[in-house]
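What follows is a single structure, written as structure tokens, with notes after it.
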Amino acid sequence: MKPGDILSYLEMCQEEGASLQRGMNFRLRPTHSVVLMSLRAGAPYDDSLQESGRVLIYEGHDIPTLKGGPDPKSVDQPLKSANGKPTENGKFWSTAKAAESGTEPERVRVYEKIKAGIWAYNGTFALLSAWTEPSKGRQVVKFRMELSENEGIPVAATGPLKHERMIPSRVKQAVWKRDQGRCVLCGDTKNLHFDHEIPFAKGGSSLVAENVRLLCAKHNLAKRDKIE
Ligand SMILES: [Zn+2]
């Protein structure tokens, strides 16, 4: 799996070997945690991608909705639940604080919602820090994560250019809509990938929908072979 790969909800669950029922999944596998994010209008949390997608500021999650309970959006995001055990916020928090003190950061796989049932893999990020901040009359938790690996290779080893390949969310959403969720060459709806029509290495831009298209795995590979 590489950043830009597109997965259905089921494919994403298969990839992670788990039924993903919530956005924050601490240490889902021995090797990594998983978060789901969304930058779509009306998304429940205020996540943001910065520096061409290299930095993710991820918002913690609310208390669960309980019958007769308060509006979750009016309550501080908790680090502990009522029984005193850490929430997912709390688990990510402890690890982020350990990373701030120099411990090896948690690896976090990030998936971004493109539309209902359709997700893009954004890469593996390192969880580096956590803090709380006021938001609309309450305190929310924020986590800073930085892209740490690209196709399994540490970003530090691939040089500064590689992460500029990241395609912004608005471009991904526009391309998905324009290409109607199909490979533009054969119409396949499976194993899709966001492809740079003019390769990034040859000066093609990630920033405009005109240079990005949907290709199936077969056509994506065929194109790579031609270039290389
Ligand atoms: Zn195809």
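General remarks:
- Long-range neighbours under 6 Å by Cβ, at least six apart or interchain, first residue farther than 16 Å from ASN25 by Cα within segment 50-67, second assigned to a loop (DSSP other than H, G, I, E, B): SER52/MET166; GLY53/MET166
- Check on ASN191, within 11 Å of the ligand (Cβ to nearest atom) and on the phi > 0 side of the Ramachandran plot: yes
Bear in mind that the values in this text are calculations on the coordinates, not laboratory data. No experiment lies behind these values; they were computed from the predicted model shown. Methodologically, a virtual Cβ is constructed for each residue, glycine included, from the backbone with ideal geometry; neighbour enumeration extends over all protein chains shown.
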